[in-house]
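Engineer: One structure coming up, written as structure tokens, with questions to follow.
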Amino acid sequence: MVKVAIAQAHLQVGDVPGNILETKKLIKEAVAQGAQIVVLPELANSGYVLESKEELSNMLKQDNCLEVWQQESKENNLIIVAGFAEEKDNNFYNSSVIIIDGEIKTIQPKSHLWENEKKFFTPGNKVPEIIETLNYTPKQITELLKDSSLKVAKIGNRKFVTRKSFTAFL
């Protein structure tokens with residue numbers, strides 16, 4: 001079974017270093033309880049709700065959340081899914097990242113912003129990516145399950161066959 005931790009953090013708007021330390025603490029607690037996937041909240045680096053773009057810009061000058069999360073992911077053989085504020089090409093985005101074993105697999109800017117978010121963030125228009133997935137026929141899956149390094153997980157009504165390098169959706 002794959003253990004997933006949904007980390008609810010007590011974040012402070014504008015305290016980027018403190019928020020990053022809080023997420024690091026939560027990641028370590030989740031790993032200690034056997035989590036293999038840790039999901040952090042939206043805007044885990046900056047906190048929520050913002051006052052101005054200037055406030056956001058100043059906050060992000062202190063930001064190293066991706067490096068910290070990559071390090072935690074690598075050290076703990078962990079998948080981290082996290083929301084964070086980022087500045088790119090003179091625009092601010094409310095983005096999500098997937099980090100697997102220390103490697104950023106994708107960053108997805110939020111595309112459907114609610115009313116107040118539009119004051120600070122640019123909506124993303126990136127097509128969502130499927131990360132490290134392979135689809136197999138039932139016969140191939142039967143053969144794969146003979147491999148002892150594979151695990152079967154169930155999330156909701158979906159089953160997954162997982163190994164460090166891939167996930168197959170059943």
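The values are calculated or read from the model by the stated rules, or taken from the named source; none is laboratory data. All of these numbers come straight from a predicted model, not from anything done at the bench. Counting neighbours? That spans all protein chains shown, and the Cβs are built from the backbone with ideal geometry, glycine included. These accessible areas exclude ligands, DNA and RNA; they are computed on the full protein's heavy atoms, side chains included. Shrake-Rupley method; radii C 1.70, N 1.55, O 1.52, S 1.80 Å.
Conditions tested, residue by residue: (1) of a type outside the set (F, W, Y); (2) part of a strand (DSSP E or B); (3) at pLDDT 90 or above.
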residue: E87; (1), (2), (3): yes, yes, yes
residue: S95; (1), (2), (3): yes, yes, yes
residue: I99; (1), (2), (3): yes, yes, yes
residue: Q108; (1), (2), (3): yes, yes, yes
residue: K118; (1), (2), (3): yes, no, yes
residue: T122; (1), (2), (3): yes, no, yes
residue: N125; (1), (2), (3): yes, no, no
residue: I130; (1), (2), (3): yes, no, no
residue: I141; (1), (2), (3): yes, no, no
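Engineer: Another question, if that's okay. Might you check whether a residue that is without any contact (Cβ under 8 Å) to a residue 40 or more places away in the chain and acidic (D, E) occurs anywhere in segment 38-46?
Structural biologist: Step one: of segment 38-46, the residues without any contact (Cβ under 8 Å) to a residue 40 or more places away in the chain are 46.
Next, from what is left, pick out any that are acidic (D, E): none.
The answer is no, given that none of the residues of segment 38-46 is without any contact (Cβ under 8 Å) to a residue 40 or more places away in the chain and acidic (D, E).
Engineer: Just need a number here: residues in segment 22-63 that are in contact with a Ser or Thr (Cβ under 7 Å, 6 or more places away or on another chain) and over 20 Å from N94 (Cα atoms).
Structural biologist: Total meeting the criteria: 0.
Engineer: Across segment 1-28, what is the total count of residues that are in a helix (DSSP H, G or I) and in contact (Cβ under 8 Å) with a residue 24 or more places away in the chain? Write out each step before concluding.
Structural biologist: Restricting attention to segment 1-28, the residues satisfying the condition of being in a helix (DSSP H, G or I) are 16-28.
Filter once more, keeping what is in contact (Cβ under 8 Å) with a residue 24 or more places away in the chain: 16-17, 19-20, 23-24, 27-28.
Number of matching residues: 8.
Engineer: Go through segment 106-124 and give me each residue that's surrounded by fewer than 14 Cβ atoms within 10 Å (Cβ to Cβ) and either acidic (D, E) or within 12 Å of the chain's Cα centre (by Cα) (or both).
Structural biologist: Residue satisfying the conditions is E115 alone.
Engineer: Give segment 82-94 a look and list any residue that's within 12 Å of the chain's Cα centre (by Cα) and crowded, with 21+ Cβ neighbours inside 10 Å, or say none.
Structural biologist: Matches in segment 82-94: A82, F84.
Engineer: Looking only at segment 49-76, which residues are assigned to a loop (DSSP other than H, G, I, E, B) and either open to solvent by 90 Å² or more (accessible area, probe 1.4 Å) or closer than 9 Å to V16 by Cβ (or both)?
Structural biologist: If the condition is that a residue be assigned to a loop (DSSP other than H, G, I, E, B) and either open to solvent by 90 Å² or more (accessible area, probe 1.4 Å) or closer than 9 Å to V16 by Cβ (or both), then E51, K61, Q62, D63, N64 are the ones that fit.
Engineer: Same structure again: For I27, only one of the following conditions fails: (1) closer than 20 Å to L113 by Cα; (2) at pLDDT 95 or above; (3) hydrophobic (A, V, I, L, M, F, W, C). What is its number?
Structural biologist: (1)
A quick yes/no check of all residues on (1) touching a strand residue (DSSP E or B) at 6+ places or on another chain (Cβ under 8 Å); (2) surrounded by 16 or more Cβ atoms within 10 Å (Cβ to Cβ):
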| position | (1), (2) |
| --- | --- |
| K3 | yes, no |
| A9 | no, no |
| G14 | no, yes |
| T23 | yes, yes |
| L26 | yes, yes |
| A30 | yes, yes |
| V38 | yes, yes |
| A44 | yes, yes |
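Engineer: Restricting to segment 31-48, name every residue that is under 19 Å from L21 (Cα atoms) and part of a loop (DSSP other than H, G, I, E, B).
Structural biologist: Scanning segment 31-48 gives Q33, A35, L40, P41, E42, L43, A44, N45, S46, G47, Y48.
Engineer: Return the pairs, sorted by first residue and then second, in which the second residue is open to solvent by 10 Å² or more (accessible area, probe 1.4 Å) and of a type in the set (D, E), the first residue lies in segment 65-85 and is within 14 Å of V39 (Cα to Cα) and at pLDDT 95 or above, the beta carbons are less than 7 Å apart, and the residues are 6+ apart or on different chains.
Structural biologist: Once the first residue is within 14 Å of V39 (Cα to Cα) and at pLDDT 95 or above and sits in segment 65-85, its partners that are open to solvent by 10 Å² or more (accessible area, probe 1.4 Å) and of a type in the set (D, E) give S73/D101; G83/E42.
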